[in-house]
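Novice: Starting off with a structure, shown below.
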Amino acid sequence: MEAAGAAPLVEPPRRSTMLATMSDAALQASLVELIRRTSTQLPDDVVRAVRAARGAEAAGSNAAYALEVIERNIGLACDKSQPLCQDTGSILLYVNTPVGYDQIAFHHAAEAAVRAATARGYLRQNSVDSITGANSGDNVGPGCPDLHFHQWRQPHVEVKLMLKGGGCENVGATYTLPNPSFGGRDLKGVENAILDCVLQAQGQGCGPGILGVGIGGDRVTGMACAKAQLLRLLDDANPDPVLAGLEQRVVAKANQSGIGPMGFGGATTLLGCKAGALNRVPASFFVSITYMCWAFRRQGVDLAADGGIARWLY
Amino acid sequence: MAVIPLTTPLTEDIARSLTVGDTVEITGRLYTGRDAVHHRLHHGERPPVDLRGGIIYHCGPVMVQEGGRWVCKAAGPTTSTREEPYQWEVMRDHGIRGVIGKGGMGPKTLEGCQQYGCVYLHAIGGAAQVCAERITRVDGVDWMDLGSPEAIWHLWVERFPCIVTMDSRGGSLHRQVRAASEQALAALKA
């Protein structure tokens with residue numbers, strides 16, 4: 001028996017009122033709007049970074065031309081409410097839910113929203129059976145959309161969405177250390193592996209890009225950590241000073257590589273690098289790197305109790 | 001930068017006159033063709049359209065049907081390097097004069113450009129609205145069984161903007177940038 005006055009070992013769940021009141025229709029409508037906005041409007045932090053990059057390129061250069069087209073594209077997509085990029089990518093949903101929230105119902109609502117957004121042209125038909133080659137036509141199928149649920153002790157549901165195109169996904173990589181070309185199991189080895197990824201990715205993942213890096217973990221958790229880094233704001237500072245230093249060095253060095261926007265040559269190769277670290281088993285040392293293109297489609301919402309959108313997050 | 005206007009079909013002379021760094025604007029017909037189309041052509045299937053003098057666009061557009069007509073909602077380039085094993089063959093067998101894509105291609109394609117008189121045109125990756133704005137009509141579609149992004153869409157474009165990054169004289173901007181950046185990053189190693 002617990003001593004009187006001692007805190008209970010497990011905090012009792014705080015059941016939120018939204019569990020009972022959220023309607024499927026309202027939730028689905030919110031998710032369609034989240035998809036529409038994510039596909040057609042870049043978040044402010046990314047737009048600011050693209051603008052700054054344009055200022056860094058020599059007038060009349062191919063790099064300046066590329067960034068000028070990119071900026072015009074950002075404006076057009078927003079005005080026309082049409083996809084920034086025709087590759088509307090993998091649909092990655094990160095969902096924080098209160099204790100007791102029905103995640104299965106959310107999953108169904110997300111699938112319905114994805115189908116509706118596809119029919120309206122906010123999403124391309126992007127879900128292909130890997131064995132038969134058949135396109136499901138509605139972006140729903142095994143692994144599509146990709147939902148990552150987490151419980152939290154807030155009373156509301158938070159939904160973050162990334163649309164990650166195949167061109168940039170293809171140039172992500174997992175490195176293992178030690179490696180004779182990059183170095184040992186230390187920050188030097190990590191930094192050199194990341195810079196090799198930048199070199200290999202050139203031109204193919206539409207640059208200037210943004211890297212998410214997961215140091216450690218296993219082959220799944222390391223890459224999951226890398227992708228989750230992309231949920232951070234581009235202009236945030238990593239609270240870990242060692243990782244903050246690594247992020248800054250990678251961006252500075254990548255931007256001295258001369259790869260430039262679209263691999264045309266130029267001053268801006270990366271708009272950002274965000275790194276996280278996980279513990280690893282003694283035998284493994286993975287550096288997992290995910291590359292995000294300039295068309296960095298990420299948005300998020302806090303949902304109101306009725307399923308409507310209470311707040312935009314980016 | 002002076003812009004060179006191009007009209008399809010392209011002649012061999014026109015294709016061979018273009019040089020790395022040229023900015024062009026294309027008016028006329030583009031056929032989309034990406035992974036599955038190249039795979040089929042490689043296995044000897046006859047293309048459903050006449051590609052002679054034509055331009056293949058590495059693109060999987062977003063298409064929706066509105067009032068019985070196809071409307072293009074977004075249509076930027078996809079990564080071209082995946083077609084590296086096949087592209088030279090399409091130049092040889094089907095007489096294409098231009099390839100539009102992004103990221104550039106490798107030595108086989110560059111050799112194909114030299115041998116058969118073709119040019120690689122770089123559109124701006126991710127700029128699907130800037131590209132779609134120049135697509136004034138969707139005139140048809142073939143091989144829809146491959147799924148919409150992989151089908152052959154018959155696009156009519158007006159002043160579609162590209163930069164020549166691989167030419168018929170063996171020039172490749174991609175090879176240049178790769179070599180220079182490899183050297184620069186080697187010097188910056190931690």
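Novice: Please identify every one of the chymotrypsin sites (Phe, Trp or Tyr not before Pro) in segment A:126-199 that sits in a loop by DSSP and has no more than 15 other beta carbons within 10 Å of its own beta carbon.
Specialist: Values: sites: A:149, A:152, A:175, A:182; in loops: A:182.
Here no loop site has a sparse enough neighbourhood.
Novice: List residues of segment A:41-55, by number, whose backbone nitrogen lies under 16 Å from a label position 7 Å along Cα→C-beta of residue A:81.
Specialist: What the label zone holds, given the 16 Å backbone N cut-off, is A:41-42.
Novice: Hey, can you list the DSSP H helices of chain B whose Cα span along the axis is 15 Å or longer and whose average Kyte-Doolittle score is at least -1.0?
Specialist: Values: long enough: B:173-187 (21 Å, -0.18).
What comes out of the filter, once short or polar helices are dropped, is B:173-187.
Novice: Further question on the same structure: What FRET efficiency, computed as 1/(1 + (r/R0)^6) with R0 = 45 Å and r the Cβ-Cβ distance, is obtained for residue A:23 and residue B:186, rounded to the nearest 0.05? Kindly include the intermediate steps, with their values, before the conclusion.
Specialist: Numbers: r = 59 Å, r/R0 = 1.31.
E between residue A:23 and residue B:186, to the nearest 0.05, is 0.15.
Novice: All other residues with a Cβ under 13 Å from the Cβ of residue A:172 taken together, and with Lys, Arg as +1 and Asp, Glu as -1, what is their net charge? Don't skip to the end; give the middle numbers.
Specialist: Working: positive: A:164, A:219, A:227; negative: A:169, A:196.
With Lys, Arg at +1 and Asp, Glu at -1, the neighbours total +1.
Novice: Let me check I've understood the local charge: for residue B:114, count other residues with C-beta under 14 angstrom from its C-beta, Lys and Arg +1, Asp and Glu -1. What total comes out?
Specialist: Details: positive: B:16, B:92, B:97, B:108, B:169, B:175; negative: B:12, B:111, B:167.
Taking every other residue near residue B:114 into account, the sum is +3.
Novice: Starting from the 7 Å offset along Cα-to-Cβ, what nm value, one decimal, do you get for the label separation of residue A:131 and residue B:2?
Specialist: The modelled label-to-label distance comes out at 5.9 nm.
Novice: I'd like the isolated cysteines in chain A, meaning no second cysteine's beta-carbon lies under 4.7 angstrom from theirs.
Specialist: A:78, A:85, A:144, A:197, A:225, A:273
Novice: Restricting the count to DSSP beta bridges whose residues both fall in segment A:167-292, what percent are antiparallel, rounded to a multiple of 5? Mind dumping the intermediate values first?
Specialist: Details: 11 of 18 bridges.
So the antiparallel bridges in segment A:167-292 amount to around 60 percent.
Novice: Once amide H atoms are built 1.01 Å from N in the peptide plane, which residues 5 or more positions from residue A:172, or in another chain, come under 5 Å H to H?
Specialist: A:291
Novice: Oh, and also: Bins of 10 Å, beginning at zero and ending with the bin holding the largest distance: percent of Cα pairs per bin for chain A, please.
Specialist: Histogram of Cα-Cα distances, whole percents per bin: 6, 25, 31, 25, 11, 3, 1, 0.
Novice: Carbon and sulfur atoms: what percent of the 1.4 Å accessible area of segment A:223-314 do they account for?
Specialist: Numbers: 1890 of 3210 Å².
Carbon with sulfur: 59 percent of the solvent-accessible area.
Novice: For residue B:27, enumerate residues with amide H under 5 Å from its amide H, sequence gap 5+ or separate chain, H modeled in the peptide plane.
Specialist: The list, which skips near neighbours in sequence, is B:6, B:7, B:8, B:159, B:160.
Novice: I've got another one for you. Could you compute the FRET efficiency for residue A:181 and residue B:13, with r as their C-beta to C-beta distance and R0 at 60 Å, rounded to 0.05?
Specialist: After rounding to 0.05, the efficiency reads 0.85.
Novice: Within the set of other residues whose C-beta is less than 12 Å from the C-beta of residue A:110, count the net charge using Lys and Arg as +1 and Asp and Glu as -1.
Specialist: Taking every other residue near residue A:110 into account, the sum is -2.
Novice: Take residue A:51 and residue A:221, extend 7 Å from each Cα along the Cα→Cβ direction, and tell me the distance between the two endpoints in nm.
Specialist: In this crude spin-label approximation the distance works out to 4.1 nm.
Novice: Which semi-axes, in whole Å and largest first, does the equivalent ellipsoid of chain B have when worked out from the alpha carbon gyration tensor as the square roots of 5 times its eigenvalues? Mind showing how you got there, number by number?
Specialist: On the way: eigenvalues 140, 68, 60 Å².
For chain B, the ellipsoid semi-axes come out as 26, 18, 17 Å.
Novice: Determine the calculated [θ] at 222 nm for chain A from helices alone, applying -39500 (n - 2.57) to every DSSP H run no shorter than 4 residues and normalising by the residue count; nearest 500 deg cm²/dmol.
Specialist: Working: 9 runs with 113 residues, N = 314.
Helix contribution divided over all residues of chain A: -11500 deg cm²/dmol.
Novice: In nm, give the distance between the simple-model label positions of residue A:283 and residue B:141, each being 7 Å from the Cα along the Cα-to-Cβ direction.
Specialist: 5.0
Novice: Using θ = phi - 60° and the Karplus form 6.51 cos²θ - 1.76 cosθ + 1.60, what ³J(HN,Hα) does each residue of segment B:141-150 get, whole Hz, x for Gly and Pro?
Specialist: These are the phi-based 3J(HN,Hα) values: 8, 10, 6, 5, 4, 7, x, 3, x, 9 Hz.
Novice: Which sequence of A:215, A:131, A:104 reflects their accessible areas, 1.4 Å probe, from the largest down? The partial results should precede the final answer.
Specialist: Details: A:215 20, A:131 155, A:104 120 Å².
In descending accessible area the options line up as A:131, A:104, A:215.
Novice: Shifting gears a bit: Take every DSSP beta bridge with both residues inside segment B:3-187 and express the antiparallel ones as a percent of the total, to the nearest 5.
Specialist: Of all bridge pairs located within segment B:3-187, approximately 60 percent are antiparallel.
Novice: To check you understand DSSP bridge types, tell me what percent of the beta bridges within chain A (both residues inside) are antiparallel, rounded to 5. Present the calculation step by step, with values, prior to reporting the outcome.
Specialist: On the way: 29 of 43 bridges.
For chain A, the DSSP antiparallel bridge percentage is about 65.
The values are calculated or read from the model by the stated rules, or taken from the named source; none is laboratory data. All values derive from a computational prediction rather than experimental measurement. Note: ideal-geometry Cβ built from the backbone for every residue, glycine included; neighbour counts use all protein chains shown. Just so you know, the surface numbers come from the protein's heavy atoms only, side chains and all, with ligands and any DNA or RNA stripped out. Shrake-Rupley method; radii C 1.70, N 1.55, O 1.52, S 1.80 Å.
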